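Notes follow once the structure below has been shown.
The values are calculated or read from the model by the stated rules, or taken from the named source; none is laboratory data. These figures come from a predicted structure and were not determined experimentally. FYI the Cβ positions are ideal-geometry reconstructions off the backbone, even for glycines, and counts take in every protein chain you see.
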Amino acid sequence: MSEMRYEAPRTLEAALALLAAGNVKAKILAGGTDLLIQMRAGRAEPELLVDVKGIPELTSISEEGGAYRVGAAVPCMQLIEHPRLAMTWPGVIDGVKLIGSIQVKGRATMGGNLCNASPAADSVPGLIAANARASIAGPRGRREVAVAELAVGPGRTALAPEEILVSFLLPRRPPRSGDAYLRFTPRTEMDIAVVGAAVNLTLDAQGACSEARVSLGAVAERALLVPEAAAALVGSRVEGAALERLAAAASAACRPIDDKRGTREFRIKVAGVMARRAAAIALERARRAG
Amino acid sequence: MARITLASHLFPYTGGVRGLELDVANVRQMFAALAERYPDLQGHLENEVAVVIDGEVYQDALLQTIAADSEVILIPKIAGG
Amino acid sequence: MARHHVTATVNGEAVEFLCETQQTLLEVLRDELRLTGTKEGCGTGDCGACSVTVDGRLLCSCLMLGVEAQGKAIRTIEGMAGGEKLHPLQRKFLEHAALQCGVCTPGILIAARSLLESNPDPSEAEVRYWLAGNLCRCTGYQKIVEAVLDAAREMRGA
Amino acid sequence: MSASTKYEDKPLRIVGTRPLRPDGVDKVTGRARYAADYNLPGQLIGKVLRSPHAHARIRSIDVSAALALPGVKAVVTRDDFPDMPVEYAAAGELTINYRDVTRNMMAREKVLYDGHPVAAVAATSESAARAALKLIKVDYEVLPHVIDVREAMQPGAPLLHEEQYTAGVSPRPGQPSNIAKRIEFKLGDIEAGFRAADLVIEREFNTKPVHQGYIEPQACLASCTEDGQVELWTSTQGAFTYREQCARVLQMDVSRIRVTPTEIGGGFGGKNNIYSEPLAIALSRKTHRPVKMVMTREEVFRATGPTSGANIRIKMGCTRNGRITAAQAVLNFQSGAFPGSSVPMAAMCTFTRYDLENVHVVGHDVTVNRPKVAAYRAPGAPISVFGAESVIDEMAKKLGIDPIDFRLKNAATQGTQTYYGPKLGVIGYIETLERAKAHPHYSAPLAPGRGRGVSSGFWFNIGNETCSTLNIGEDGSVTLLMGTVDVAGGSRAAMAMMVAEELGIPMDKVKPVVADPSALGFNFVTAGSRGTFAGGMAAVVAARDAVEKLRRRAAKIREVPLEAVAWKDGRAQPAEGCGVQFAPMTLAEIAKVAGKTGGSIAGHAEINVQGAGPGFGVHIVDVDVDRETGLVKILRYTVLQDVGKAVHPAYVEGQLQGGAVQGIGWALNEEYVYGADGVLQNPGFLDYRVPVASDVPSIDTVIVEVPNPNHPYGVRGCGEVPIIPPMSAIANAIESATGVRLCDQPMSPPRVLQAIGKAAGAGN
């Protein structure tokens, strides 16, 4: 049996140094709610665990001129309890709220949710719809990438092995903006999304949709940004025919598989339904945010 | 003679015979008499059937009395979760 | 094999233990500290039987490593009753027949206490959603929900 | 003191009240010790290597590398257990066959399902044991497998057992088959019944296996000495049957195995049969160190339980007035890797609720490459009743008859001839239906688009072998040793209550203890809703035996004739009209001097309890169906059930609520999902979806009490009936909401959506 090391660096530099140190199979440990299960099942056998929860930059939330910088290892419950985050980005928090039980949310993080790269990750469509950017640290410095570009496929990300996802930047919002995430699961809680849909939109002064982003989860190898679905909303009052076009575009963008959680046919059909319903909630929120 | 009726799941072991009269005083004697008459029934009596005597269901009651005018029915043994 | 030396508090008492990296907090509590009131129902965070609080945060102890407990304050079912007295939730669970086999009960009590600490007056729906991470296969949840609501009422002094 | 244990209607002090359960404080404080909570010095950890294949021949097993690993102390495989011939014995569900028991606990010639044990190791740590499993080399010849029951029944399907010929057909078939057994029940003339019908409906139903889903995984700790004495701590519904089964497969005397039934974290039928216990004993026998084996949740799903999946066909006919003229069923049940499903009981329960003249039920017990099924709460009945009560609902709706009225028109009552044999005794089906009809839920207005369904269920309930001892302590407090494991429904409370009632003392003077089998005569498993009925009967008999001895002792002490002593209000006192006066003696007073007046006093019961009273339940459910996603939401749920007598009403309500919610899970989302490779896809609580608290509404309960004449307090047993009606009640409610009838379980969103879509398509 190989021995597994555990390190809990207090700085980003120290963490990067551990990852850069050589050929060991290292894993970053944030909330651990996916990693510990994989280790137990023998699907992950790291030689080194780098616990990043002691690094302030990864575990803090700050406001930067109306935008939010959210540490990748902030536990979900802390995001949910944040006094203003949920008011500004309710759709992002919708997704965060759906990650497992209260217990799981006490540990799980958005960074982990993204890096685990499950196509069904609940917080990812909301982040994509929000046009969130991820800040990544590596041996050659920092880079910023759109969240939409990070998850590549099931279990795979665009991060290099020696890189660390540090934080998310949720941009400043124009007035009259609202977002929402809805997922379909057979149970009310404790499920993996069969389909997830996030809609982020902004209304003009007349109440028509001026900007929109739509993202779908669990309908492809990764969460999708669906510009065609967003286009269905722009210029509309997010009602009637526009919602039907949104639903049709969302369904058309799906390329799901049949698996134990849902059939292909079901996912395609329900993706449109979820997108339409999420848009209605986002609209309501945008109006209230007036 | 007690009147013995076999539940239909036992017919294959009796060549289709569904009932008969037997001069027996208890369940054990009845099983023995049945097994003698229908050897294929042998393995399906003690552990697989419950016995209804005059409307009451008995399980594992080899010495339960059968009266001369009793109505006896053999049914599958019942258990549960 | 090198083991980690960890110091923490459990139910207010200082503890120290040695653990391997892959040992979960649940395994440490049960196998090293012999606090077997915290149960394993799944080992994957899906049933809540291993619920404890760490620095006040409700979590599944099967999804945290023992080594991560360094310096933390852990609370388990063994510390729920205060001296001779049961916690109101424990008493209400008895009075409402809110337990049958009892294997989910420690986790549910810990989760329910955590709910009432943050929300002293929850609605029935809030109780049901908060406890959604705690599976119970015996009761159908009804008497559990009733007991939590009644305990909340009593604890509020209402 | 009457020797009769028949029902007596008398004023009660304790039975029917709601005291706190004796096991409660231990359970809310974390003290209660379940199997995995036991540890012994020097113990080893045992782990099982399981088959990754659904069906394969084992060519060879090489354990040498595993044994060479540091920390590994022993490995056992098929070579460590004797082969056993065909030999039947009673266990929780049906009879078990030791030939199969020994093959299920450890594969011999073949592995027959994903998860089938192939080897077990004992090592000084869990990590060493896991590492050792990876070093065991098994050479498999992978064989074609069969998972689906209909496919398994086809000629030419992959055969699990080459020597299995269908039993129950004559002449004996010439070819082996996966159909292990055919059973048949007939009453009247089924064809004449259909000819007399104005309306005939025939439908096919399919259900998936579902797991009992107890939260405590199987766990045991075994310790074997050099001279072959075994101690075993295990989570079981039947310490005696576990002892017997372990002794048989290990060829030991039962008296050399001491079994401690630990607190049990749920069973529901799933802990009636041994799994790891003989492996732990065998590993301990090799190492002479204690061996602890705890299953992971994944192992629980892959290798224990579940209940059968089934394919069934129901055909019923009735007159236009709603009188059923014919009822026919074909039930094809998966038994898993070895024969012995619950199909006989499913067959008997399919239509037993109704007074029928013409019935024909055929059942098939079919082996498939899945884990051997185990009992699950009213084994089999929910499956066949799903079909029957769906068809009954459809008949009632077609005829425009209220569904409860339709059932009342056909309801069984005392004297009804069943198609499986006996005439029914005193039962409360009609009373329960009438209470359902009068319940406010049944007449509450229903919002548009929502649906309401009703259904009903019958279960036999059972008695069986039961022993109990009641020891009167020197201070007059009482210990009741019970051999029926308290599977958590609260039977310790119920039995203490009945004993206190009998003895005339407060309940807190009675301490109920689940005894290990060395303390009592044989007790059958706690199954079949027998705990409070049969265990209670034994407790009452033991209490009455003790009372008889207390009377004798008081007569001796007071030097009066026995007939002059009556037992009343917890005291020996002068019998009314006996003409003899003496100072009464309380139980405590007798107990105090017992040692010096002839020795201490104990009551005993060693009985085989007969006279179980069948139970009937009626469920009402309201649902909302999301037409766009197929999601079914349970809005309101009411359970009504005749339990004979609720000894502790709160715990009876708990049984009714818990059973209903298990049934809701079964109806809506629970299922075993297998891949084309025959490997289980969802062996965890994430993807095997049992209901969570937010999935269900309050479950309202109505306890109906029509006493069982064969029990001193009228008890029938109540644990199993409540899981029978939910599936059909929910299907009927979905039909009421949408006009679409679901015949496949689970009625999960993809299925419901597809059915709605199909119906809409057909309508266009």
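I'd like to check something: does region A:183-190 contain any residue that is within 14 Å of another protein chain (Cβ to nearest Cβ), touching a strand residue (DSSP E or B) at 6+ places or on another chain (Cβ under 6 Å) and buried (at least 21 other Cβ atoms within 10 Å of the Cβ)?
yes
Just checking, which of A:98, A:114 is in contact with a strand residue (DSSP E or B) (Cβ under 8 Å, 6 or more places away or on another chain) and more than 17 Å from residue A:57 (Cβ to Cβ)?
Just one listed residue meets the conditions, A:98.
Looking only at region B:55-74, which residues are outside any loop (DSSP other than H, G, I, E, B), modelled with pLDDT of 90 or more and within 9 Å of chain D (Cβ to nearest Cβ)?
Within region B:55-74, B:58, B:73, B:74 meet the criteria.
I'm checking my understanding of the structure. Among residues of region A:193-231 that are of a type in the set (A, V, I, L, M) and surrounded by fewer than 22 Cβ atoms within 10 Å (Cβ to Cβ), which one is farthest from the other protein chains (Cβ to nearest Cβ)?
Checking each candidate, the answer is A:205.
Residues of region C:91-110 being surrounded by 24 or more Cβ atoms within 10 Å (Cβ to Cβ) and either farther than 20 Å from residue D:697 by Cα or touching a Leu at 6+ places or on another chain (Cβ under 8 Å) (or both), which ones?
Within region C:91-110, C:92, C:93, C:101, C:102, C:103, C:104, C:105, C:106, C:107, C:108, C:109, C:110 qualify.
Condition check: part of a loop (DSSP other than H, G, I, E, B) and at the interface with chain D (Cβ under 8 Å from one of its Cβ atoms). Does residue C:37 satisfy that?
For residue C:37, the condition - part of a loop (DSSP other than H, G, I, E, B) and at the interface with chain D (Cβ under 8 Å from one of its Cβ atoms) - is met.
Taking region D:41-88 on its own, how many of its residues are among the aliphatic types (A, V, I, L, M) and surrounded by fewer than 16 Cβ atoms within 10 Å (Cβ to Cβ)?
Here the count works out to 4.
Residue D:205 passes all but one of (1) more than 21 Å from residue D:373 (Cα to Cα); (2) hydrophobic (A, V, I, L, M, F, W, C); (3) modelled with pLDDT of 95 or more; (4) crowded, with 21+ Cβ neighbours inside 10 Å; which number fails?
Evaluating residue D:205 over (1) more than 21 Å from residue D:373 (Cα to Cα); (2) hydrophobic (A, V, I, L, M, F, W, C); (3) modelled with pLDDT of 95 or more; (4) crowded, with 21+ Cβ neighbours inside 10 Å leaves (1) as the failure.
Tell me, which strands (runs of 3 or more DSSP E) wholly within region D:233-338 include 1 or more residues that are within 14 Å of chain B (Cβ to nearest Cβ) and more than 30 Å from residue C:31 (Cβ to Cβ)?
In region D:233-338, D:324-336 are the strands (runs of 3 or more DSSP E) which contain 1 or more residues that are within 14 Å of chain B (Cβ to nearest Cβ) and more than 30 Å from residue C:31 (Cβ to Cβ).
Quick check on region A:6-53: of everything there that is of a type outside the set (A, V, I, L, M, F, W, C) and part of a helix (DSSP H, G or I), which residue is nearest to the other protein chains (Cβ to nearest Cβ)?
A:40
Looking only at residues in region D:3-52 that are more than 9 Å from chain C (Cβ to nearest Cβ) and hydroxyl-bearing (Ser, Thr, Tyr), which one is nearest to residue D:119 (Cα to Cα)?
Only one residue fits best here, namely D:51.
Just name the residue that is farthest from the other protein chains (Cβ to nearest Cβ) out of those in region C:69-89 that are part of a helix (DSSP H, G or I) and either surrounded by fewer than 24 Cβ atoms within 10 Å (Cβ to Cβ) or β-branched (Val, Ile, Thr) (or both).
Among residues in region C:69-89 that are part of a helix (DSSP H, G or I) and either surrounded by fewer than 24 Cβ atoms within 10 Å (Cβ to Cβ) or β-branched (Val, Ile, Thr) (or both), the one farthest from the other protein chains (Cβ to nearest Cβ) is C:88.
Exactly one of (1) under 30 Å from residue D:159 (Cα atoms); (2) outside any strand (DSSP E or B); (3) of a type outside the set (D, E, K, R); (4) not assigned by TED's automatic domain parsing to the domain that holds residue D:702 is unmet by residue D:430. Its number?
All conditions are met except number (1).
Please state which of the following conditions residue D:740 fails to meet, knowing it meets all the rest: (1) part of a helix (DSSP H, G or I); (2) out of contact with any Asp or Glu (no Cβ under 8 Å at 6 or more places or on another chain).
Going through (1) part of a helix (DSSP H, G or I); (2) out of contact with any Asp or Glu (no Cβ under 8 Å at 6 or more places or on another chain) one by one, residue D:740 breaks only (1).
Anything in region A:100-121 that is within 14 Å of residue A:223 (Cβ to Cβ) and in contact with a Lys or Arg (Cβ under 6 Å, 6 or more places away or on another chain)? List them, or say none.
Within region A:100-121, A:117, A:119 meet the criteria.
Here are some residues: D:527, D:519, D:500, D:494. Which one is in contact (Cβ under 8 Å) with a residue 24 or more places away in the chain, buried (at least 20 other Cβ atoms within 10 Å of the Cβ) and part of a loop (DSSP other than H, G, I, E, B)?
Going through D:527, D:519, D:500, D:494 in turn, the sole match is D:527.
Among the listed residues D:667, D:731, D:676, D:759, identify the single one that is more than 14 Å from chain C (Cβ to nearest Cβ), closer than 24 Å to residue D:383 by Cα and of a type in the set (Gly, Ala, Ser).
D:731
Identify, from the list A:117, A:67, A:72, A:137, the residue that is surrounded by 24 or more Cβ atoms within 10 Å (Cβ to Cβ), touching a residue at least 40 places away in the same chain (Cβ under 8 Å) and not assigned by TED's automatic domain parsing to the domain that holds residue A:200.
A:72
Could you run through region D:639-650 and say how many residues are closer than 16 Å to residue C:139 by Cα and either more than 13 Å from every other protein chain (Cβ to nearest Cβ) or surrounded by fewer than 24 Cβ atoms within 10 Å (Cβ to Cβ) (or both)?
2
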